[in-house]
Amino acid sequence: MLNPGDFKRGQIIDIDGHPCMIEKITMQTPSSRGGNTIWKVRARNLRTKQKVDKPFRSGDTAIEPDFEKRHVQFLYRDTTDLHFMDMDSYDQFALPIDGFSEEAGYLVDNLDGIRSLVLEEEVIGIELPLTVEISITECDPAVKGNSATARQKNATLETGLVIQVPEHISNGEIVRVDTTTGKFIRRAGD
């Protein structure tokens, strides 16, 4: 049993009988006497991919679903599916891109360090590594002498994801990106 104060982004809890991954948590503390703290949780139902908003009060609890995590490797994408391989059994499986659109922006061919979330022998989600290294395919030209400034520009990654990078970064460079925030961390190799 989990108390609302222990919730973390990316954690999976049971909401109304469905496994849901927490995407955002906000806490409100009422100013009146005797008011309970309220945690507003925005989660994504891992089966239907729909957003779920649920408030929790002090004293409420949530259950962590009993699921298994398996080490998988992302192989490739086609027009409709993302293809993975289970690293223990070497079985391959596909997940629909439209159900995993947020995660798809961080998946490059042969990416390792991913875990599949398996509930009742069905893959209901994937857990990305904390950071990934992705090549930039399109951005404005680098501006010489701007390595010390904090100005940012848009960069399109090989997966189609658009992130903000410092002005001195140029096309073709490989950058490290935080998968939880979608933010540029640094150039790969730096």
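We did not get these values from a lab; they are worked out from the coordinates using the rules stated. Since the structure is predicted, the reported quantities are computational estimates derived from the model, not experimental observations. Positions of Cβ are backbone-derived with ideal geometry, glycine not excepted, and every protein chain shown enters the neighbour counts.
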Taking every other residue with Cβ under 9 Å from the Cβ of I97 and scoring Lys and Arg +1, Asp and Glu -1, one gets -2
With 0.36 nm assigned to each residue of separation and the Cα-Cα distance removed, D86 to E23 gains 20.1 nm
Stretched fully, the stretch from Q50 through R186 gains (0.36 nm per residue minus C-alpha distance, one decimal, in nm) 45.7 nm
Per the helix-only model, the chain has a calculated mean residue ellipticity at 222 nm (DSSP H runs of ≥4, -39500 (n - 2.57) each, divided over all residues, rounded to the nearest 500) of -500 deg cm²/dmol
With the 8 Å Cα cutoff and a minimum separation of six or more residues, the range 37-91 has a relative contact order in percent of 22
The range 39-129: relative contact order from alpha carbon pairs under 8 Å, six or more residues apart, as a whole percent, is 25
Here the tail fraction of P(r) beyond 15 Å, over all Cα-Cα pairs of the range 68-127, rounds in percent to 41
Quick shape summary for the chain, equivalent ellipsoid via Cα gyration tensor, semi-axes whole Å in descending order, reads 34, 25, 12
Taking Rh as the Kirkwood radius computed over alpha-carbon pairs of the range 1-85 and applying Stokes-Einstein at 25 °C with viscosity 0.890 mPa s, one gets a diffusion coefficient in µm² s⁻¹ of 167
For the chain the mean separation of alpha carbon contacts under 8 Å (6+ apart) over residue count, i.e. relative contact order in percent, is 13
Partner aspartates and glutamates whose C-alpha sits under 14 Å from that of K54, ignoring same-chain residues fewer than 8 away, are D14, D16, E23
By the Kirkwood definition, with r running over pairs of different Cα atoms, the range 97-189 has a hydrodynamic radius in Å of 14.3
The local net charge around I174, scoring Lys/Arg +1 and Asp/Glu -1 for residues other than I174 whose Cβ lies under 11 Å from its Cβ, equals -1
